[in-house]
Amino acid sequence: MRKTFVSRKGFSITELEIASVIAILIFAAAIGAFLLVKNIQNYSGAELALERDVGTVMARLIRNIGEAADSRGLRSGRSFIIPSAGELAYTDVDGNTRRYYLSGSSIFYASPLQSPQTGTIFTAPSGTSVILRFWKPSGYSDNETVGIYIGLVKNIGGRAVSGSVSTYVNLRNVAK
């Protein structure tokens, strides 16, 4: 029995079309995976940045660190009142009343002892919303403990990305 080999000099059009379709599908899947990973990375990076920012803002509120500082943070308070959910007024051990409040996309600090009397604790970057809430926690009958919530929300590619932190702060110098 004699074997004969047929010598082919090329590919048929059908074979080229099938190979092209397979290559395009593989290339499209690779690009899709790359874009998915890139979007996840962008959202994760934005969430991390927002979480870092809310932590910084919380530290500024509690310890009064930053541009508006007069070295009398919330922890040096003696008592507090909450005129509205986004505003806290507290009386310090020196007898002066200081305030934290939200206006637009900025959190402000007001003190009768600094010049000017109002300073900025935090201004949200462009496209970022700020949420600031104060409340008196249930179960606390005096004005020693205040609840604080800070949230930042940013829209990235039609998706809301957020970072937030909440805590209770016990005023250290409460007159007993």
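Quick rundown of the values:
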read-out	value
Search result, residues across segment 110-153 that are at pLDDT below 85, within 20 Å of R63 (Cα to Cα), of a type outside the set (D, E, K, R) and not in a strand (DSSP E or B)	S111, P112, L113, Q114, S115, P116, Q117, N143
Evaluation of R63 against (1) modelled with pLDDT of 80 or more; (2) surrounded by fewer than 17 Cβ atoms within 10 Å (Cβ to Cβ); (3) among the basic types (K, R) (one fails), failing number	(1)
Qualifying residues in segment 66-109 (those that are farther than 19 Å from G55 by Cα, modelled with pLDDT of 80 or more and hydrophobic (A, V, I, L, M, F, W, C)) - the one surrounded by the fewest Cβ atoms within 10 Å (Cβ to Cβ)	A85
Residues located in segment 26-47, provided they are under 24 Å from the mean Cα position of the chain (by Cα) and surrounded by fewer than 12 Cβ atoms within 10 Å (Cβ to Cβ)	L35, L36, V37, K38, I40, Q41, S44
Search result, residues across segment 77-93 that are outside any strand (DSSP E or B) and among the small types (G, A, S)	A85, G86
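The values are calculated or read from the model by the stated rules, or taken from the named source; none is laboratory data. Predicted model only: the values in this text are computed from it and were never measured. Cβ atoms come from the backbone with ideal geometry, glycine included; neighbour counts cover every protein chain shown.
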